[in-house]
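The values are calculated or read from the model by the stated rules, or taken from the named source; none is laboratory data. Quick caveat: nothing in here was measured; it's all calculated off a predicted structure. Cβ: placed from backbone, ideal geometry, glycine included. Neighbour counts: every protein chain shown. Note: accessible area is taken over every heavy atom of the protein model, side chains too, but ligands, DNA and RNA are not part of it. Shrake-Rupley method; radii C 1.70, N 1.55, O 1.52, S 1.80 Å.
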Amino acid sequence: MTTTQLFRISPLTAALVIALAIPTSGWAANAEHAKDTKDAHTSDDNETVITVTAPATSPLEIASLLKTPRQPVPASDGSDYLKTIPGFSQIRNGGTNGDPVFRGMFGSRLRMLIDDSEILGSCGGRMDAPSSYISPENYDVLSLVKGPQTVLWGPGNSAGTIRFERTRPQFEHVGAQGNVSTVVGSNRRWDGNADLSIGNEQGYIRLIGNKSRANDYKDGDGNRVPSRWDKWNTDIALGWTPDKNTLLELNAGQGDGEARYATRMMDGAKFKRKSFGVRFEKSNIGEVFDKFETNFYYNYTDHVMDNYSMRHSGMKMVSEPDRLTMGGRMMGTWIWEDFKLQGGADMQTNTRRTNTNNTTKFKGNEHGWMKDARFHDYGIFGELTWDATEQSKVIGGARLDRATVYKYATQQERKEILPAGFIRVEHHLKNTPVMFYAGVGYTERFPDYWELFSGKAGTNAFTDIKAEKTTQLDIGAQYNDSQLKGWISAYLGKVNDFILFDYSNQNPAHNVNATIMGGETGIAYKFNDHWKTDASLAYSWAQNTTSHRPLPQIPPLEARFGLTWEHGDWTSSGLLRLVNSQHRVAINEGNVVGKDFDSSKGFAILSANSAYQVTKNIQISAGIDNIFDKTYSEHLNLAGNQDFGYPGDTVVNEPGRTYWARVNVKF
């Protein structure tokens with residue numbers, strides 16, 4: 001960055017930078033933990049803007065409040081929010097609907113749940129990734145378990161398990177509680193979010209809705225990047241609580257939207273969602289059998305892609321796939337002496353179809369909706385926690401799944417048995433604020449729809465692609481006292497039959513063996529009552545041991561630094577994000593969404609924000625992202641589309657300087 005570029009900021013920007021102070025924070029906005037958040041709302045009357053999300057009770061587990069403001073500009077989807085967690089990055093689609101990547105691992109290696117249910121996109125190229133249907137502020141708590149270190153939430157979660165959860169509204173008398181927020185920003189960004197609960201000690205009604213839209217953004221050079229979106233969601237939950245230990249809840253929701261992409265040959269003209277669910281929980285049942293919980297869900301997505309409703313094109317194209325996902329689980333908890341056992345069963349079935357009446361390639365041969373794939377999974381699991389001593393605990397688990405997939409075009413079926421398990425030791429050093437853990441896990445991941453059926457996978461994928469088998473060691477440590485907090489989590493894994501896409505081959509999808517390793521670390525130090533600083537570092541490394549070359553789509557080394565000033569009702573903070581160059585690439589290799597087509601340059605981005613607690617229930621926050629209007633692009637880049645003047649080997653730049661403001665009201 002030259003001196004001229006450094007000081008190339010407008011008077012408005014300069015004034016805002018001074019007002020926002022410059023100094024990062026975000027760790028104070030963490031929830032204590034996500035394990036028991038179903039029981040009550042977690043709140044912080046003086047929340048700071050999230051810039052880095054830090055661990056809760058263990059470096060292995062992350063918990064964060066989703067209604068707290070964050071920087072960069074408050075998230076429009078689940079993937080956007082996850083970027084605040086060290087180790088996460090995303091493959092940008094456009095202005096919204098990116099695809100999350102954790103430790104370089106992508107897709108179904110990273111399970112994403114919403115209130116313990118799963119919603120799956122239907123596009124063969126993951127234009128509507130599962131995170132596209134998640135509006136973060138419609139939920140209360142985000143929790144993450146890194147690596148294959150839990151078996152409670154489905155099979156094959158080799159990279160990690162993410163849960164977007166809603167907490168249970170609680171009322172002692174007739175009353176109302178809720179949260180309303182709005183965001184305005186550059187590029188005509190506008191968000192409106194409302195979350196209202198009405199009830200008494202016998203039950204509640206919860207209404208949730210949001211609307212989010214933005215125009216195309218401009219990069220640091222002032223060039224417009226096609227990226228506008230407009231989306232909405234609404235949900236309702238009816239809960240019956242005859243006593244404090246019992247909950248029966250019915251919920252339903254729907255949503256839709258549109259988004260255009262500089263990175264694709266078509267845009268998303270429809271992202272329709274319909275969801276239904278039922279949940280039952282009973283706690284404090286007996287001296288040993290403590291809790292029983294069960295839930296069943298129905299999630300439907302209907303997605304339309306075309307190249308004419310949001311852009312101009314000579315030859316019109318359209319495609320309409322859909323996906324119906326249904327499933328459920330039941331789990332019991334037993335507690336006796338120093339042991340806790342959680343065990344149960346879960347299942348899921350999902351069917352993917354294409355509407356031939358609304359798809360270009362079937363014109364002249366329309367038959368309505370045609371099925372192409374059906375998946376089934378049935379699993380049993382158990383996880384045991386042993387409090388071996390006052391300072392130590394041992395956690396172990398195992399699960400067994402039976403996975404089946406049916407291909408309608410050829411009437412072929414595949415069936416596999418998938419084992420998984422882990423064991424972990426956690427220890428707190430006596431009379432010190434230090435804890436550490438070490439665990440080893442194994443999981444097998446059945447190939448997903450995109451790896452078996454996508455046109456990019458090739459014609460032989462259904463029969464030739466094997467299940468992935470991951471063995472991973474996870475270790476970490478944490479120091480936590482009133483002034484200094486520090487943590488580190490690291491991993492080393494061996495992946496047999498890693499599913500890789502090589503676009504130089506006629507059948508891109510194939511299996512290789514791989515070694516993966518890396519980790520995340522962070523530190524926060526409180527100088528005094530007004531000043532504190534924090535920093536985090538994330539690194540991922542992966543090697544294709546079959547071909548003796550790097551694995552593709554691995555994000556580079558990334559660091560975040562900051563300094564926060566707090567005084568009374570004011571909080572000001574800043575974020576310096578440093579990203580290294582990435583030269584470990586595998587040209588023309590990747591996944592169903594992106595591929596490596598070049599090495600990438602490093603960059604530094606400075607952002608700032610300020611928040612003011614007007615009253616106990618009203619907060620105003622504002623920020624500037626990319627203060628110096630830097631022109632830059634992320635290494636994980638989908639590349640462009642010729643329709644918008646971006647050849648396939650040209651990166652798409654990130655947004656330039658962006659202003660935003662947020663008002664949040666609690667009641």
Pairs only if they're at least six apart or on different chains, beta carbon under 7 angstrom, first in the stretch 627-650 and at pLDDT below 60, second basic (Lys, Arg); list them, first residue then second.
Asn641/Arg264; Asp643/Arg311
Among the residues of the stretch 537-561, which ones are open to solvent by 70 Å² or more (accessible area, probe 1.4 Å) and on the phi > 0 side of the Ramachandran plot?
His548
Flagged in the stretch 212-227 as within 18 Å of Ala75 (Cα to Cα) and open to solvent by less than 60 Å² (accessible area, probe 1.4 Å), in numbering order, are Ser212, Ala214, Asp216, Tyr217, Ser227
Every listed condition ((1) modelled with pLDDT of 95 or more; (2) out of contact with any Ser or Thr (no Cβ under 7 Å at 6 or more places or on another chain); (3) more than 16 Å from Asp235 (Cβ to Cβ); (4) surrounded by fewer than 22 Cβ atoms within 10 Å (Cβ to Cβ)) holds for Leu113 save (3)
Just need a number here: residues in the stretch 228-245 that are buried (at least 21 other Cβ atoms within 10 Å of the Cβ) and in a loop (DSSP other than H, G, I, E, B).
2
Qualifying position, being touching a Gly at 6+ places or on another chain (Cβ under 8 Å) and open to solvent by less than 10 Å² (accessible area, probe 1.4 Å), among Ala194, Ala259:
Ala259
Please state which one of Asp534, Asp474 is at pLDDT below 95, open to solvent by less than 20 Å² (accessible area, probe 1.4 Å) and under 30 Å from Thr150 (Cβ atoms).
Asp534
Pair list, Cβ under 6 Å, 6 or more apart: the stretch 329-352 residue closer than 11 Å to Phe381 by Cα, other residue open to solvent by less than 60 Å² (accessible area, probe 1.4 Å) and among the hydroxyl-bearing types (Ser, Thr, Tyr):
Met330/Thr294; Gln342/Thr333
Hey, among Asp256, Asp290, which residue is part of a strand (DSSP E or B) and either closer than 30 Å to Cys123 by Cβ or not acidic (Asp, Glu) (or both)?
Asp256
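Rundown of residues vs (1) in contact with an Asp or Glu (Cβ under 7 Å, 6 or more places away or on another chain); (2) modelled with pLDDT of 80 or more, yes/no style:
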| position | (1), (2) |
| --- | --- |
| Pro11 | no, no |
| Ala14 | no, no |
| Ala21 | no, no |
| Asp45 | no, no |
| Ile62 | no, yes |
| Phe88 | no, yes |
| Gly107 | yes, yes |
Given the structure, is Trp565 surrounded by fewer than 22 Cβ atoms within 10 Å (Cβ to Cβ), touching a His at 6+ places or on another chain (Cβ under 8 Å) and hydrophobic (A, V, I, L, M, F, W, C)?
yes
Quick check, is Thr294 buried (at least 19 other Cβ atoms within 10 Å of the Cβ), polar (S, T, N, Q) and in contact with a strand residue (DSSP E or B) (Cβ under 7 Å, 6 or more places away or on another chain)?
no
Among the residues listed as Asp346, Asp377, Asp401, the single one being touching a Pro at 6+ places or on another chain (Cβ under 6 Å), at pLDDT 95 or above, open to solvent by less than 60 Å² (accessible area, probe 1.4 Å) and of a type in the set (D, E, K, R):
Asp401
Checking the structure you have, find out if any residue of the stretch 322-332 is open to solvent by 10 Å² or more (accessible area, probe 1.4 Å) and acidic (Asp, Glu).
no
Gly314 versus (1) in a loop (DSSP other than H, G, I, E, B); (2) under 22 Å from Lys456 (Cβ atoms): which is the lone unmet condition?
(2)
Can you confirm whether Pro447 is modelled with pLDDT under 95 and not β-branched (Val, Ile, Thr)?
no
Please go through the stretch 297-312 and give me each residue that is within 23 Å of Met347 (Cβ to Cβ) and either open to solvent by 10 Å² or more (accessible area, probe 1.4 Å) or in contact with a Pro (Cβ under 6 Å, 6 or more places away or on another chain) (or both), ordered by number.
Tyr297, Tyr298, Tyr300
Residue set Arg577, Arg549; condition under 30 Å from Phe462 (Cβ atoms) and among the basic types (Lys, Arg); output residue Arg549
